[in-house]
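A quick write-up on the structure given underneath.
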Amino acid sequence: MSTLVESTARTEVASGYRAGRTLPLRVELIRQLKRRRTQVMFAILAVLPFVLVAAFAIGGEPDGGGDRITLMDTATASGANFAAVNLFVSAGFLLVIPVALFCGDTVASEASWSSLRYLLAAPVPRARLLWSKLVVGLGLSLAAMLLLPLVALGVGTAAYGWGPLQIPTGGSLDTATAAQRLVVVVAYIFVSQLVTAGLAFWLSTKTDAPLGAVGGAVGLTIVGNVLDAVTALGDWRHFLPAHWQFAWADAVQPRAEWSGMIQGTAISVTYALILFALAFRGFARKDVVS
């Protein structure tokens, strides 16, 4: 009897079929790279440093207009400073958009094209489909965050020269140390955006409207920033990912301070893991009709 059952189970699976080989990451990555929204998003991030250089050339060197010197005031000191300023002006909102786009549009777009059910009928296991799309979405998000400072570093070096990273509070970091710290900054910004990625990905499994998933993630991220500005919440703000989004500034100091980034990382990773788990759990039980 057991031999008959095993024989029947084997005949139900096509010869050579391996669930782990369906929808390879390479195939999904090529599909996403060919999409117009991916190319436009990367183009916008690559153009931003040129826009800032033009703005400084037209308006003159940045001036705080007071006794307090900020990172923006040192933008034209060196290429490293210019790269740091690009991250500073983008981390709060601009870098949220590619993360929400790449992670929120991925599953919902398949549903809107009515191709999701055909992928699952291929058959691609649901967990495998989500895993492939999540890894590619996060990979593209990281690439976007790397593209901006790399282009800014090149443009800034050409415009303002190669030199140490001037710190607003006094002192400087040599070029080797500055490069290491900027890598830490980009890594932390990526981790802090995992909450937005989790929101976008979860919403993408819940709706057939890509704009709803992307817009919902961006909107909820903005709500988090607004709540963090409500000082009446007191210590409750420490549980908001937005409260720690600029903790990376502690890395561009003569002596880096890690406590804020450690707390921010713990908060972001916790929220992200919960949201990713909700996405996988909900999609496993979802009745896919589109």
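What to note about this one:
- Where helices (runs of 4 or more DSSP H) fall entirely within the stretch 1-77, those with at least 1 residues that are out of contact with any Lys or Arg (no Cβ under 6 Å at 6 or more places or on another chain) and at pLDDT 85 or above are at 25-33, 36-59.
- Only one entry in Gln166, Gln180 is without any contact (Cβ under 8 Å) to a residue 24 or more places away in the chain and farther than 30 Å from Ser115 by Cα, namely Gln180.
- Odd one out for Trp162 among (1) open to solvent by less than 40 Å² (accessible area, probe 1.4 Å); (2) farther than 26 Å from Leu275 by Cβ; (3) not hydroxyl-bearing (Ser, Thr, Tyr): (1)
- Listed here are the helices (runs of 4 or more DSSP H) enclosed by the stretch 138-231 that have at least 2 residues being among the aromatic types (Phe, Trp, Tyr): 175-192, 194-204.
- Val155 fulfils the conditions (1) under 23 Å from Leu52 (Cβ atoms); (2) open to solvent by less than 40 Å² (accessible area, probe 1.4 Å); (3) under 22 Å from the mean Cα position of the chain (by Cα) except for a single criterion, (3).
- Of the listed requirements (1) open to solvent by 20 Å² or more (accessible area, probe 1.4 Å); (2) out of contact with any strand residue (DSSP E or B) (no Cβ under 6 Å at 6 or more places or on another chain); (3) within 29 Å of Ser259 (Cα to Cα), Tyr188 misses just one: (1).
- Output for the stretch 271-290, where each listed residue is loosely packed, with under 14 Cβ neighbours inside 10 Å and within 22 Å of the chain's Cα centre (by Cα): Leu273, Ile274, Ala277
- Number of the condition not met by Val124 [criteria: (1) crowded, with 19+ Cβ neighbours inside 10 Å; (2) in a loop (DSSP other than H, G, I, E, B); (3) among the β-branched types (Val, Ile, Thr)]: (1)
- Taken over the stretch 255-290, the criterion of being assigned to a loop (DSSP other than H, G, I, E, B) and either in contact with a Leu (Cβ under 7 Å, 6 or more places away or on another chain) or among the charged types (D, E, K, R) (or both) is satisfied by Arg255, Glu257, Arg285, Lys286, Asp287, Val288, Ser290.
- The residue that is nearest to Thr270 (Cα to Cα), counting only those in the stretch 228-247 that are open to solvent by 70 Å² or more (accessible area, probe 1.4 Å) and among the aliphatic types (A, V, I, L, M), is Ala229.
- Counting only residues that are more than 24 Å from Phe82 (Cα to Cα), surrounded by 13 or more Cβ atoms within 10 Å (Cβ to Cβ) and of a type outside the set (Val, Ile, Thr), the stretch 36-49 holds 1 of them.
The values are calculated or read from the model by the stated rules, or taken from the named source; none is laboratory data. Bear in mind the structure is a predicted one, so any value in this text is a computation, not a measurement. Cβ: placed from backbone, ideal geometry, glycine included. Neighbour counts: every protein chain shown. We work out accessible area using only protein heavy atoms, side chains counted, and drop any ligands, DNA or RNA first. Shrake-Rupley method; radii C 1.70, N 1.55, O 1.52, S 1.80 Å.
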